[in-house]
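Taken together, the values in this text are just the output of simple stated rules run on the coordinates, not laboratory data. Note that the coordinates shown come from a computational prediction; the quantities given were computed from them, not determined experimentally. Every residue, glycine as well, gets a Cβ built from its backbone with ideal geometry; the counts of neighbours run over all protein chains shown.
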């Protein structure tokens, strides 16, 4: 298996530190070879360990046992951890572009992205809502077919709608959108998690899933028709489940993935249960892409306190997906 | 302290069984004396233990060590666990009415209500959304001042809006409503939990709490003004907190209660974390009222499988509140 590409994200955030810590923990966590892409100074500023510059991903595996391999994206301007700059945002975007290209070409087996600052990226003319949409576009995938899976060891969720106000959620929900997201999710679980017939629980939108229309009708008019069609296609799904009943310890044993109607319906239980190990995976792309489900944490960057658990989980999930894709060929 | 009144709820649900099991567990769980109110047949049908009819709550304490005291509300018609009837709903409502009266008079120190079926109650002309609103009305308290607190040993939540569709939530949220609910919650934590200066976290409505207006503006126009006013009144509150960041293990150490904008924002994390011990407490009433946060579970009634944990937690929370109210006098 080719190595995993890890663009460091914003060089002034915690990305460089957690990348170095993940490399240090490679043995204990059985992490497959990866190489960083980014400003070498960003690593050196926060970590005294061995770093070796490479120019070809094929050299990463040889270097990995003894040093952190990095494809250098030369940074310019002053560099201080925790103090983001325009130059840093440029470096983050350039690293991401390079990483996408190397993964699309197959030189890297998967893409694991470090945290970026959307606010910083907007300052350099970035117009996508986030990295995910940017990666989808670079892969030629329409936004509604790129699915954000958030996962931990024991819970996987996909929000059907994401970064929109609560007031816009009911209007944005359509049977077609639920179909597109659920199909991509089901296919992704088979392709990247090796599940032959994944079980998908589909949440209601309203309290008590609308209580037969007494507390909202979207379950009847939008969600149930989608479930009926998905089941007719052979997808093993059920619902609409009352949202507050979907994440109990008992309920979680009955599905492989919960399809949620809005951002916080998915993210609240995930983070309540498993904050430190959350992984964001994009399904529906030609490439494998994961990232740790946290931000740049500029406030603690350079203090040595950043926790690499989520990045380690993201690296391991990406390697596992690469394995499933390779063995399914 | 006077005994706690426990109306059994629907006699065909699991209320009678969990009441009997809670009595059986009185020693191990240090449960204060309580007496049941309801159809004696409902207990006898599911439990072989000792039951003693009383007519005066003052006799409950004497009976409690050796038998379950019950004020009998004579049932009529056939009785089968798991098969709800109109007569059963009448019995449930009559028991509740009697229990409210005994608690308001002081003969009972607190009211702990067993689970009722709203669908059954509607059939006998009950017009309230649920028991809570009925109890509030009987206590002469306006609905917006009666606050539904959902609690477990480690998390307390209050939803500002409750059983309304998601599409109606943004329109129902007002600064005034948040003020009313937060004031009642703060007062309740002081009066019934003995907290001198409770810390209240106030959730945002939208993903990332609106991200400075990028994903919805209710945080700016409705929630923040309420927080500013509450703080000016001396209530120790903060927010609006991004909803998915509010229930992480770390975040939960920073507040005594989370004020949530809608039903599932509060109920999803509570049930994900602590399903079996959820307690529903109504703050803002002249009386103490708790209930187990689950339904009648007609499907398992009479099978001996019902878990009394939530009822035991409800009884203990009611007794604790009665203690705090008594010692504050």
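Overview of values
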item: Exercise: per-residue mean of other protein chain Cβ atoms within 10 Å, A:158-166; result: 5
item: Cut-off 13 Å (backbone N to label point 7 Å along Cα→Cβ of residue B:327), residues of segment B:185-215; result: B:191-196
item: Taking chain A and dividing mean pair separation by its residue count, relative contact order in percent (alpha carbons under 8 Å, at least six apart); result: 24
item: Simple label model, 7 Å out from Cα along Cβ direction - residue B:41 to residue B:137, nm; result: 2.9
item: Computed over segment B:208-329: relative contact order in percent, which uses C-alpha pairs under 8 Å that are six or more apart; result: 15
item: Where N is the number of residues in segment A:1-107, Cα Rg divided by 2.2 N^0.38 Å; result: 0.99
item: By average C-beta atoms within 10 angstrom, highest first, the peptides A:298-304, A:61-67; result: A:298-304, A:61-67
item: All-pairs alpha carbon distance profile, segment A:116-191, 10 Å steps from 0, percent; result: 16, 42, 35, 7
item: Average partner coverage of A:224-230, which counts Cβ from other chains inside 10 Å; result: 0
item: Cubic angstrom per residue, convex hull over Cα atoms of segment B:173-272; result: 95
item: 7 Å along Cα→Cβ, label-point gaps from residue B:299 to other copies, nm, shortest first; result: 4.3
item: Value of relative contact order over segment A:1-102, rounded to a whole percent, pairs C-alpha under 8 Å and six or more apart; result: 37
item: Segment A:99-136 versus segment A:172-216: alpha-carbon centroid distance in Å; result: 27
item: With eigenvalues of the C-alpha gyration tensor scaled by 5 and rooted, chain B, Å; result: 36, 21, 17
item: Cα shape, the protein assembly as shown, gyration tensor, a/c 1.5 rule; result: prolate
item: Shape call, segment B:5-63: gyration tensor on alpha carbons, a/c limit 1.5; result: oblate
item: Most to least packed among A:223-234, B:200-211, A:174-185 [average Cβ atoms within 10 Å]; result: B:200-211, A:174-185, A:223-234
item: Average beta-carbon neighbours from other chains, 10 Å sphere, peptide A:241-247; result: 6
item: For chain A, share of DSSP beta bridges that run antiparallel, in % to the nearest 5; result: 30
item: Computed [θ] at 222 nm, deg cm²/dmol, chain A (DSSP H ≥ 4; -39,500 (n - 2.57); rounded to nearest 500); result: -10500 deg cm²/dmol
item: Förster radius 25 Å - calculated FRET efficiency between residue A:172 and residue A:123, Cβ distance, rounded to 0.05; result: 0.35
item: Shortest-first nm distances, residue B:123 label point to equivalent points in other copies (7 Å, Cα→Cβ); result: 6.6
item: Stretch gain in nm, segment residue B:58-residue B:105, where the contour uses 0.36 nm per residue and the Cα spacing is subtracted; result: 15.7 nm
item: Shortest-first nm distances, residue A:77 label point to equivalent points in other copies (7 Å, Cα→Cβ); result: 7.5
item: Mean-position separation - Cα centroids, segment A:1-78 and segment B:230-269, in angstrom; result: 38
item: Radius ratio Rg over Rh of segment A:87-160, counting only Cα atoms, Kirkwood formula for Rh; result: 0.98
item: Shape of segment B:245-321, Cα gyration tensor, a/c cut at 1.5; result: oblate
item: Förster radius 35 Å - calculated FRET efficiency between residue A:214 and residue B:196, Cβ distance, rounded to 0.05; result: 0.30
